[in-house]
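The values are calculated or read from the model by the stated rules, or taken from the named source; none is laboratory data. No experiment lies behind these values; they were computed from the predicted model shown. Ideal geometry is used to build each Cβ from the backbone, glycine not excepted, and the neighbour counts take in all protein chains shown.
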RNA sequence: GCUGGCGUAGCUCAAUGGUAGAGCACCCGCUUUGUAAGCGGGUGGUUGCGGGUUCGAUUCCCAUCGCCAGCUCCA
């Protein structure tokens, strides 16, 4: 084995090397062309038009960007610069602590193009820890030193031109491969992702193998923006926001129809699989949340409620024991905030379960609740419908025995997948989230709850992702993630195994043996937050809700006002069959009415003129088939629309 | 919460250190209409809110609220 033997040598020997090769797969591992490899390794070429090349191109582009930044902004320290799903970023620490401006990005991009054009080869060097430390110490790269001190294995440097980074690679052979580069935006980011650490200046960019691929990517981004539920929600008169209720959506009449259809759909499922719906209080004595552990554990996310009376009592208490210590005053105020607005339904459900003596015959007891929840989310995290401060979940808590857990999870997984299929979601990622650092309960409980969830996912044959330490404070979770139009992933459904709350609330049921036993509590939601699901669904369908969810299923459009009487007659008849109908009886011309109804994405347009009145029917135009279906008698319109007014899983045939 | 950007009519957007304009929507009139915008007229804004600089601020500065992107945090 020669030290100098590289993937490039191997490919040349195979006759597979040409200028479009950017990297190589060596024994199944992505490597750059100039790293020494065993002479008997299996080597295949990775050309610049292959997906695997993108990561290499982007990470190399990050190096070039850092080079450009340090040339333009001397004294700026580098940190890390990985390739990410749609591009790359690099985090910098500027001596002046300032953020880069859009003009800076422009300059950096220009400088990068110079570096690219100068065709600098990337070179890899293996160095001893001392040499590497010394090098970066001399450059004043304090963040890099931290990374170096944590690194194990071979310490490699990559150079292009006169710029060097501590990096494991791989990289493209030369900067000339980086010919489709775009810096997109800047943002702050915390060192090592911890908000207690100093904030760094992050520059995001993207890079592709060809200018054409870059253009296509930018065009796709534009398209995605058009699907943004905040934009569609406004355009389609579904939702609105007001500064006086930040992060709290108003559902307009059209939007409310869809919202209610979603809830009604889930209710229908509950009837089939044995859930009992309940309605529970909004505001509880804070003692409830002390028992559940939400206080103080979840306090920063809770709205606490005062009344005039509690404020007076609090003030009196402070007057009685005057203090200048803010902490003391704070404690008085806290003591007199007697009420908390529920951020979750579980404590209320635990109370409800515990109100009467329960028999094992009642289990599993599936308690469903669409109650409104309020959580105080920090101002920077709220977003459209996907992260709000008030929302409802299709929430339920299943009280069951240890033995019943397995079947309940299996039933739930089936239910979730049926539901996602009904909405046309196929790209669902399943994650099991394990015990967080701050948690209730014993390690034994956690072992049990994590185990049972992992087993259930495996039993269903689903690909398993583990999110270490991401569980709820009371139990491990299965999470179902879906992506929005901008490829941001959101957790929707969830199932959590909870051995803790039943303990804290001292919940019991009488077993077959006539002694008391502790039930297990399963927290679960299919849609998750109805609001979030709504937002993701709106983007998924691009505003065109399927007939069973659409705010209006049929729009009746008259050719002239002479035919309005029949339109109202037809409306009444369709509505008598449960069809949601809108009419446009205005003086507009037909073309304008069609345009308006199409922009509202109504699934069926029914045109009414002389002919239709005479023969009691509609000239129907279908949104989804995007064509004129011609004349259809009213009775046939009714049967067609009602057939479509059900989700797939509930249709006959 | 942090970093950066943004905030002009119901919506989408112009404009300027010298007291704001278009299209759509809305209202009125004409037109009575056959598959994506018929014609004409009109209403509508203390330029998010509060302060400052200035002879004068919507424009410049500060503060605040909201929105957007990212970070952190989460359904």
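Return yes or no: is residue A:195 free of Cβ contacts under 8 Å to residues at least 12 places away in the same chain, farther than 20 Å from residue A:88 by Cα, surrounded by fewer than 18 Cβ atoms within 10 Å (Cβ to Cβ) and within 16 Å of RNA strand B (Cβ to nearest atom)? Here the answer is yes, as residue A:195 does meet what is asked. Going residue by residue through segment A:230-247, is there one that turns out to be away from RNA strand B (no atom under 13 Å from the Cβ), touching a residue at least 40 places away in the same chain (Cβ under 8 Å) and over 20 Å from residue A:529 (Cα atoms)? No, there is no match, as no residue in segment A:230-247 is away from RNA strand B (no atom under 13 Å from the Cβ), touching a residue at least 40 places away in the same chain (Cβ under 8 Å) and over 20 Å from residue A:529 (Cα atoms). Given the criteria within 11 Å of RNA strand B (Cβ to nearest atom) and not in a loop (DSSP other than H, G, I, E, B), does residue A:212 qualify? It is false that residue A:212 is within 11 Å of RNA strand B (Cβ to nearest atom) and not in a loop (DSSP other than H, G, I, E, B).
With a requirement of 2 or more residues that are more than 29 Å from the chain's Cα centre (by Cα) and without any contact (Cβ under 8 Å) to a residue 12 or more places away in the chain, the helices (runs of 4 or more DSSP H) lying completely within segment A:269-340 that satisfy it span A:286-292, A:308-320, A:326-336.
Does residue A:6 satisfy the criteria of being modelled with pLDDT under 90 and out of contact with any helix residue (DSSP H, G or I) (no Cβ under 7 Å at 6 or more places or on another chain)? So residue A:6 passes the test.
To keep it simple, each residue is scored yes or no on (1) modelled with pLDDT of 95 or more; (2) surrounded by 12 or more Cβ atoms within 10 Å (Cβ to Cβ); (3) more than 16 Å from RNA strand B (Cβ to nearest atom).
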{"site": "A:278", "(1), (2), (3)": "yes, yes, yes"}
{"site": "A:283", "(1), (2), (3)": "yes, yes, yes"}
{"site": "A:288", "(1), (2), (3)": "yes, yes, yes"}
{"site": "A:304", "(1), (2), (3)": "no, yes, yes"}
{"site": "A:307", "(1), (2), (3)": "no, yes, yes"}
{"site": "A:318", "(1), (2), (3)": "no, yes, yes"}
{"site": "A:323", "(1), (2), (3)": "no, no, yes"}
{"site": "A:331", "(1), (2), (3)": "no, yes, yes"}
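Across segment A:142-183, what is the number of residues that are within 15 Å of RNA strand B (Cβ to nearest atom) and modelled with pLDDT under 90? Residues flagged as within 15 Å of RNA strand B (Cβ to nearest atom) and modelled with pLDDT under 90 within segment A:142-183 amount to 0. Among the strands (runs of 3 or more DSSP E) confined to segment A:453-501, the ones with at least 1 residues that are within 10 Å of the chain's Cα centre (by Cα) and at pLDDT below 90 are located at A:477-483, A:489-498.
Output yes when any residue across segment A:100-115 is assigned to a strand (DSSP E or B) and either loosely packed, with under 12 Cβ neighbours inside 10 Å or under 28 Å from the mean Cα position of the chain (by Cα) (or both), and no when none is. No: segment A:100-115 contains no residue that is assigned to a strand (DSSP E or B) and either loosely packed, with under 12 Cβ neighbours inside 10 Å or under 28 Å from the mean Cα position of the chain (by Cα) (or both).
Considering segment A:598-653, the residues that are assigned to a helix (DSSP H, G or I) and within 9 Å of RNA strand B (Cβ to nearest atom) include one that is farthest from the chain's Cα centre (by Cα), namely A:614.
Looking only at residues of segment A:219-229 that are surrounded by 17 or more Cβ atoms within 10 Å (Cβ to Cβ) and not in a loop (DSSP other than H, G, I, E, B), we find that the one that is nearest to RNA strand B (Cβ to nearest atom) is A:229. Each residue in segment A:419-435 was checked for being surrounded by 15 or more Cβ atoms within 10 Å (Cβ to Cβ) and either out of contact with any helix residue (DSSP H, G or I) (no Cβ under 8 Å at 6 or more places or on another chain) or not in a loop (DSSP other than H, G, I, E, B) (or both), and 7 pass. Out of A:349, A:336, one residue alone is crowded, with 19+ Cβ neighbours inside 10 Å and touching a helix residue (DSSP H, G or I) at 6+ places or on another chain (Cβ under 6 Å). It is A:336.
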